[in-house]
């Protein structure tokens with residue numbers, strides 16, 4: 001199901017939420033984990049996801065998970081539907097386990113081959129009293145702790161074959177052109193797109209990028225741009241990003257989530273004389 005840790009290694013549980021730091025919610029989740037196992041390293045990915053923004057949470061998980069070793073358990077809670085009929089799930093994929101609400105938060109994970117998902121329904125693997133408004137503490141955190149302590153993911157509950165997915169912007173490739181959209185605006189105002197590096201690898205370094213009706217060059221890094229200039233680059237998430245050096249691409253280009261992005265091959269056009277030009281250049 002997931003790769004075993006080497007003897008003597010503490011398990012890793014990451015936490016990603018929209019809870020912020022002002023209240024006690026994150027500390028209560030950690031307490032629920034530590035009540036089950038103390039042989040664990042707790043890593044805060046972020047608790048500053050915009051409230052209720054499942055897409056931002058999904059992208060944060062996608063970016064962070066690849067940096068962690070096999071066997072890591074990712075506990076993620078962005079859960080506007082807490083207490084409703086939506087399920088809690090655990091997804092085993094890419095040698096790691098992702099635990100949280102079944103609301104599309106794990107959409108990028110479900111793009112991996114060979115994933116397995118299970119509903120969090122085993123009563124003995126949650127707190128005895130479950131609040132309808134805080135499944136992060138009472139359902140998800142205990143499940144993460146038990147898995148980190150060695151419980152097989154399949155013991156959490158029945159298999160789930162239809163986990164929820166976000167309506168991810170489609171990337172279309174037609175005749176040397178790749179079309180996508182902005183999926184996230186980070187704190188620097190960079191526009192993270194739905195277009196992965198592999199989708200445009202064949203278009204060449206001189207590919208043309210258009211966003212919000214503007215054409216921007218493809219560069220290697222932010223420093224390749226003059227201050228205040230916009231450009232496109234492959235960011236650390238292996239996605240095409242639109243950035244403004246020392247500024248905000250979102251503000252300068254008036255772009256936001258959903259803004260279309262078009263990448264096309266730049267064709268070199270050789271200027272050949274027309275027949276009229278040749279006639280004008282002909283000696284009389």
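Rounded to the nearest 500, the helix-only mean residue ellipticity at 222 nm of the chain stands at -4000 deg cm²/dmol, with each DSSP H run of n ≥ 4 adding -39,500 (n - 2.57).
Taking the longest Cα principal axis of the chain as reference, the axis of helix 54-65 is set at about 90 degrees. By the equivalent-ellipsoid construction on the alpha carbon gyration tensor, the range 62-139 comes out with semi-axes of 22, 13, 11 Å, ordered largest to smallest. In terms of its C-alpha gyration tensor, the range 1-157 has a rounded overall shape, because the principal axis ratio a/c (a ≥ b ≥ c, square roots of the eigenvalues) stays below 1.5. If I take R0 = 45 Å and measure r between the Cβ atoms of residue 10 and residue 168 in this structure, what FRET efficiency does the formula 1/(1 + (r/R0)^6) give, to the nearest 0.05? Here the calculated transfer efficiency is 0.85.
Spin-label pair residue 132-residue 111: with each label point 7 Å from Cα along the Cα-Cβ axis, the two points sit 3.7 nm from one another. Could you give the distance between the Cα centres of the range 99-152 and the range 23-38, to the whole Å? Cα centres, the range 99-152 to the range 23-38: 15 Å.
Spin-label model, residue 84/residue 24: points 7 Å from Cα along the beta carbon direction are separated by 2.9 nm.
Listed by Cβ neighbour count within 10 Å, with the fewest neighbours leading, 55, 24, 37 appear as 24, 37, 55.
For the range 87-229, the direction-averaged projected area of the alpha-carbon convex hull comes to 12.1 nm².
The calculated Kirkwood hydrodynamic radius for the range 198-270 is 12.7 Å, given to one decimal from all distinct C-alpha pairs. Could you check which residue among 62, 119, 152 shows the biggest mean-square fluctuation in a GNM of the chain with a 10 Å Cα cutoff? Sorting by GNM fluctuation, first place goes to 152.
For a footprinting-style exposure proxy, rank 194, 236, 154 by other Cβ within 10 Å, fewest first.
Numbers: 194 19, 236 9, 154 13.
The order, fewest Cβ neighbours first, is 236, 154, 194.
Give me the percent of DSSP beta bridges within the chain that run antiparallel, rounded to the nearest 5. Before the final figure, lay out the partial values.
Details: 39 of 54 bridges.
Of the beta bridges lying entirely in the chain, close to 70 percent run antiparallel.
Of all DSSP beta bridges confined to the range 1-119, the antiparallel ones make up roughly 40%. Computed from Cα atoms, the angle from the helix 25-34 axis to the main principal axis of the chain rounds to 60 degrees.
Peptide packing for 98-111, 248-261 was compared via the average number of neighbouring C-beta atoms within 10 Å per residue; ordered from the highest value, the list is 98-111, 248-261.
Based on the inverse mean of 1/r over its pairs of different Cα atoms, what is the Kirkwood hydrodynamic radius of the chain, in Å? Before the final figure, lay out the partial values.
Numbers: mean 1/r = 0.0475 Å⁻¹.
One decimal place: 21.0 Å for the Kirkwood radius.
Values in this text are rule-based calculations from the coordinates and carry no lab data. If you're wondering where the values come from, they're calculated on a predicted model, not measured in any experiment. Counting neighbours? That spans all protein chains shown, and the Cβs are built from the backbone with ideal geometry, glycine included.
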